[in-house]
Amino acid sequence: MYYWQAMKIRAQIIDARPAARFNAEVDEPRPGLRRGHIPGALNVPWTELVREGELKTTDELDAIFLVAASATTNQLSSAAALV
């Protein structure tokens with residue numbers, strides 16, 4: 001459902017899982033979840049968003065997402081891997 005809502009508002013989905021999971025190179029750790037990613041999603045691994053266990057500064061995060069999403073202004077974060 002979130003995917004379709006994001007597409008209606010032209011949001012960019014950001015997937016925070018490790019690249020190997022995003023690229024379907026390894027199995028998901030939870031049974032029943034498919035490998036790979038939502039079509040059109042961008043990968044920004046959560047490890048790029050934190051430093052010493054805390055989120056990076058707002059300026060640093062802005063720069064990371066700007067590079068990842070380029071011209072897209074709306075972002076929907078998929079951070080299920082953090083659970």
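Name the pairs whose Cβ atoms lie under 7 Å apart, with the first residue in segment 19-44 and at positive phi, the second among the β-branched types (Val, Ile, Thr), and 6 or more positions between them or separate chains?
Close Cβ pairs satisfying both conditions: Gly40/Ile13.
Please state which one of Arg21, Arg17 is surrounded by 12 or more Cβ atoms within 10 Å (Cβ to Cβ), outside any helix (DSSP H, G or I), at pLDDT 90 or above and of a type outside the set (Gly, Ala, Ser).
Exactly one residue qualifies, and that residue is Arg17.
In segment 36-83, which residues are loosely packed, with under 10 Cβ neighbours inside 10 Å and modelled with pLDDT of 90 or more?
If the condition is that a residue be loosely packed, with under 10 Cβ neighbours inside 10 Å and modelled with pLDDT of 90 or more, then Glu52, Gly53, Glu54, Thr58, Asp59 are the ones that fit.
The values are calculated or read from the model by the stated rules, or taken from the named source; none is laboratory data. Because the structure is predicted, anything quoted here is derived from the model rather than measured. A quick note on method: Cβ atoms are made from the backbone with ideal geometry, for glycine too, and the neighbour counts reach across all protein chains shown.
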